Amino acid sequence: MAVYGIPLFDGSSPILTRAWLDNVEECFPLTEDGKDMRGCLARIRLTGKAEKCMRRLIPNDWEGFRERMIDNFNPDVAYAQMTAAITSGKRYIGLGKIRAIEAAEDDYNDILTYHGTKSTELAPFILIALCKLFPSQVITAAQLDLYGDFKRQIFGLRILIST
């Protein structure tokens, strides 16, 4: 069934809400006879917080579903919160080194999806926030290029923390 072409959405990363909804529309283009099916089919792919939040939405019309998803999992608000946490350097505090790097990679990819681009001006801030977690290793190696290729810098950080 084509519904499995839609990834699960649990609401834990609201920055991806719009992209997820666009994916639903792409998998199920609007047709006269299937108009209301998108809301029903999208509901099947909701889990966790998203499923609980959308459970009480009775009508299955797509526009109502889309509007409520954006209201409850607003990607613009999520982006603003993520940006503030990254630029303040507090986004990865409390995470272990490996988990912090994984979270940074997830953030970077989520931001790219949000903007629909191949690069982001937040990459240096993400790297700076990571460096605050293990400054002695980064300063000792002095190999980090804040404006270089993000994925290459992350790879370098992984090597630094493993040695």
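Under the convention that each Lys and Arg Cβ holds +1 and each Asp and Glu Cβ holds -1, the size of the dipole of the range 7-126 around its Cα centre is about 560 debye. Segment MET37..GLU51, full-extension length gain: 3.3 nm, with 0.36 nm per residue of separation and the alpha-carbon distance subtracted. Rolling a 1.4 Å probe over the heavy atoms of the protein chains gives the chain an accessible area of 58 Å² per residue.
Rolling a 1.4 Å probe over the protein heavy atoms of the chain, with every protein chain left in place, gives an accessible area that is 55 percent carbon and sulfur.
Among 41-49, 91-99, 123-131, how do they line up by average Cβ neighbours within 10 Å per residue, starting with the highest?
Numbers: 41-49: 17.2, 91-99: 14.6, 123-131: 21.0.
Most protected by this proxy first, the peptides run 123-131, 41-49, 91-99.
Projecting the Cα positions of MET82, LEU21, PHE134 onto the charge dipole of the chain (unit charges on Cβ atoms of Lys, Arg, Asp and Glu, taken about the Cα centre) puts PHE134 furthest along the positive direction.
Note on the chain: lysine pairs with Cα distance below 18 Å, sequence gap of 8 or more or different chains, count 4. Using C-alpha pairs below 8 Å separated by at least 6 residues, the relative contact order for the chain is 22 percent.
The values are calculated or read from the model by the stated rules, or taken from the named source; none is laboratory data. All of these numbers come straight from a predicted model, not from anything done at the bench. Glycine also receives a Cβ, built like all others from the backbone with ideal geometry; neighbour counts cover every protein chain displayed. Note: areas computed on protein heavy atoms with side chains; ligands, DNA, RNA excluded. Shrake-Rupley method; radii C 1.70, N 1.55, O 1.52, S 1.80 Å.
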